[in-house]
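**Q** Just dropping this structure here.
All of the numbers you see were taken from the coordinates with simple rules; none came from a lab. The shown structure was predicted, so the numbers you read here are calculated from the model rather than taken from an experiment. Every residue, glycine among them, receives a Cβ derived from its backbone with ideal geometry; neighbour counts consider all protein chains shown.
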2 protein chains.
Amino acid sequence: MESTIINGRAVADEVLASCATKISQGDVVPGLAVIIVGDNPASQVYVRNKVRACEKAGLHSEKYALSVDVSEVELLGKVAQLNADPAIHGILVQLPLPAHINEDKVLTAIAAHKDVDGFHPENIGRLVAGLPGLRPCTPAGCMVLLERAGVSLSGSRAVVIGRSNIVGKPMALMLINAGATVTVCNSKTPSLAATVQQADIVIAAVGRPRLITAEMIKSGATVIDVGINREDGGLVGDVDFESVRTVAGAITPVPGGVGPMTIAMLVSNTLQAAIA
Amino acid sequence: MESTIINGRAVADEVLASCATKISQGDVVPGLAVIIVGDNPASQVYVRNKVRACEKAGLHSEKYALSVDVSEVELLGKVAQLNADPAIHGILVQLPLPAHINEDKVLTAIAAHKDVDGFHPENIGRLVAGLPGLRPCTPAGCMVLLERAGVSLSGSRAVVIGRSNIVGKPMALMLINAGATVTVCNSKTPSLAATVQQADIVIAAVGRPRLITAEMIKSGATVIDVGINREDGGLVGDVDFESVRTVAGAITPVPGGVGPMTIAMLVSNTLQAAIA
């Protein structure tokens, strides 16, 4: 069997086009401020891609590149200034931050209604409760991909590999809220292969290249690969794409799967924040 | 095999005694305000037990019994007044509220630092992120019982049956944060029995009398019964206690298991809120 390849780039383009239409018809130009600290090359690439997607969709964006030795107080001051700026509807602080800055403190300082990354405790709390709010971009993007792939969630069995605050846990909560039976695995999970084998939906978000192989996958399962691991040959996911595609019903590639969706959901969240 | 019976009442008494000692030695008398709307008999009993536990531990408590036809605006006014009252460190609104009142609106109106039920999105968000905060009482009480029973969580496999905002989801998050592989089941879970059979730790929080039977339990598993179902013969849990106790390694009874712990954690949360 050959899997359906879920084209994340195409879905992301649709999401961005839909945002662009709404923005061109609306009264407000949504504004996104991106703060980047230091010169981590991966962060630079991410921020550039985010700013580019914003421009494509007709958002106003501002980038603040702060020196790696910026103080926590200065960074918090910048956040406070942007919280008060009526032209800015979304604020994003690119992670990771340098070790001398408390990430939690900075992320919780962003006004919850401008927290387009969906990391603020209040937005996460609203996710748990199933209340409206800004949702973390990567798992929200995975949900859109599952929906576009026609996957029925209620009554399904999903396995999430990884339990990070920004992907694993919010992803599990979204799937639980949608009626799936959800198992969250970690590095100490007993018999990972047997656990993943039970899943109709597999979300790999653990950051270990090709950890998930064909033998672990139930025939016909939908496999969403959140992993972005850098290797000499380029980017590879947490899923061994070439083997798993022979077993799965549908699968996202890396690159071109979840990655573009994360950025599209950032634009979508900024629009949501602007019209709220 | 005969299970160890986890004596929730004894553990709750220890928690309350420890709170009483800290309160008697401290400078601040923690104050709890309980709001009850209408005359639901079960709610009356819960509130009476909560107030009694507070008195036992040396807390100051105030009870506000509002008429069933109180308006949402009046109720929100009462909450705002208590938010501003320096003698009150914890505010609890007993659920359920009458249909004409928006529960979410009332619960999110409570100041997060006085939200001793741990239902405010900000506190739930802090739970997800693993940040300090006020935790929902019932799952927090289950965690204390697991700890006192000497159950090792990291690397274990836990199954939570039920996905409510006040028990199932926060319980799952606490177990995930503690390093367990956690599966959250709901009424549509395919092959519930086989799923529960895999668990080292079973948390039943679904509100269906004796749903969990001996055949579903792995020999030696720890079984925590959150269910409180009223039947003619009295209270029964979600677990068929008499059959499951022959298979489980340890089990909580109903009554006398999780119930007393919920109240003890409310007192503990109020103390935490007062000294924060």
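**Q** Please state the relative contact order of chain A as a whole percent: Cα pairs under 8 Å, 6+ residues apart?
**A** 24
**Q** What does the copy distance list look like for residue B:69, label position 7 Å along Cα→Cβ, in nm and ordered from shortest?
**A** 7.1
**Q** Please give every one of the lysines within straight-line cross-link reach of residue B:56, meaning a C-alpha to C-alpha distance under 24 Å, and leave out same-chain neighbours fewer than 8 residues apart.
**A** In chain and number order, the partners are B:22, B:114.
**Q** Based on Cβ point charges of +1 for Lys and Arg and -1 for Asp and Glu, what charge dipole magnitude is obtained for the protein assembly as shown about its Cα centre, in debye rounded to the nearest 20?
**A** 400
**Q** Just for the protein assembly as shown, what percent of DSSP beta bridges are antiparallel, to the closest 5?
**A** Looking only at bridges with both residues in the protein assembly as shown, the antiparallel portion is about 15 percent.
**Q** Defining a contact as two alpha carbons under 8 Å apart and six or more residues distant in sequence, what relative contact order in percent does region A:136-259 show?
**A** Relative contact order for region A:136-259 comes out at 22 percent.
**Q** Follow-up question, since we're still on this one. Could you tell me which of rounded, prolate or oblate describes region A:136-259, using a ≥ b ≥ c as the square roots of the eigenvalues of the alpha-carbon gyration tensor, with rounded for a/c under 1.5 and, failing that, prolate when a/b is larger than b/c and oblate otherwise?
**A** Cα axes put region A:136-259 in the rounded bin.
**Q** Looking at the square roots a ≥ b ≥ c of the eigenvalues of the Cα gyration tensor of region A:197-266, which shape do they give, rounded for a/c under 1.5, prolate if a/b is larger than b/c, or oblate?
**A** Oblate shape, in that a/c is at least 1.5 and b/c is the bigger or equal ratio.
**Q** What nm distances, shortest first, do you get from the label point of residue B:233 to those in the other copies when the point sits 7 angstrom along Cα to Cβ?
**A** In nanometres, ordered from closest: 6.4.
**Q** Placing a label point 7 Å from Cα toward Cβ, how far apart in nm is residue A:215 from its equivalents in the other copies, listed shortest first to one decimal?
**A** 3.3
**Q** What does the charge count near residue B:206 come to, summing +1 for each Lys or Arg and -1 for each Asp or Glu among other residues with Cβ under 14 Å from its Cβ?
**A** Net local charge, residue B:206 excluded: +2.
**Q** Let a ≥ b ≥ c be the square roots of the eigenvalues of the Cα gyration tensor of the protein assembly as shown; is it rounded (a/c under 1.5), or, if not, prolate (a/b larger than b/c) or oblate?
**A** It comes out oblate by the Cα gyration axes.
**Q** Could you tell me which of A:71, A:42, A:93 has its Cα farthest along the dipole of region A:27-111 towards the positive end, charges placed at Cβ (Lys, Arg +1; Asp, Glu -1), taken about the Cα centre?
**A** A:42
**Q** Shifting gears a bit: For a quick check, take a GNM of chain B with Cα springs below 10 Å and name the residue from B:133, B:155, B:90 with the largest mean-square fluctuation.
**A** Top of the fluctuation ranking is B:155.
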